[in-house]
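What follows is one structure encoded as structure tokens, with my remarks underneath.
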Amino acid sequence: MSEEVSDNVIAILAHLRDHKEAARKIVARLAGLEPAQRATALEQLFILAGLRRLEETVEREARKMPIHIDILENQVLGREFKRGEVTVLRRQIEKRFGTLPDWVEERLATASTSQLDQWTLRILDAASLEDLLR
């Protein structure tokens, strides 16, 4: 295994005999980095692993290591997760209140993750769109 972190991360793209073992070794190498370097390297690893459809393998191995991964902090994965949350919430709102006005679409597009979390619970009891998105 190379001493260069970038070499270890990019190795996930190689034709590997044992993907699980390779992911384990790469994640183990990254676990020893400083937190900021580790976060950057893990983001890069997840992106590259996605190109080989190995993101679940990498995630399983990373969860075994003494490191913290927050998918919402990942620039790409976090954005996609939020997009999915907005899509589900939009469908629920349309089912409950009908066609969404532009101001609601704008609020959904600019909402933070914590706002989306609040709204997904509030939709169960809200009497109006205004009540829901207050």
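Structure data summary
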quantity: Any hit, region 80-101, residues being of a type in the set (A, V, I, L, M), touching a helix residue (DSSP H, G or I) at 6+ places or on another chain (Cβ under 7 Å) and part of a loop (DSSP other than H, G, I, E, B); calculated: yes
quantity: Inter-residue pairs, beta-carbon under 8 Å, first without any contact (Cβ under 8 Å) to a residue 12 or more places away in the chain and surrounded by 10 or more Cβ atoms within 10 Å (Cβ to Cβ) and in region 119-132, second assigned to a loop (DSSP other than H, G, I, E, B) and among the β-branched types (V, I, T), 6+ apart; calculated: none
quantity: Some residue of region 43-59 being among the β-branched types (V, I, T), over 30 Å from A109 (Cα atoms) and either exposed (fewer than 14 other Cβ atoms within 10 Å of the Cβ) or at pLDDT below 75 (or both); calculated: no
quantity: Residue list for region 44-59, restricted to those being closer than 15 Å to R24 by Cα, touching a residue at least 12 places away in the same chain (Cβ under 8 Å) and within 12 Å of the chain's Cα centre (by Cα); calculated: F46, E59
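The values are calculated or read from the model by the stated rules, or taken from the named source; none is laboratory data. These numbers come from a predicted model, not from an experiment. Note that each Cβ is placed from the backbone with ideal geometry, even for glycine, and that neighbours are counted across all protein chains shown.
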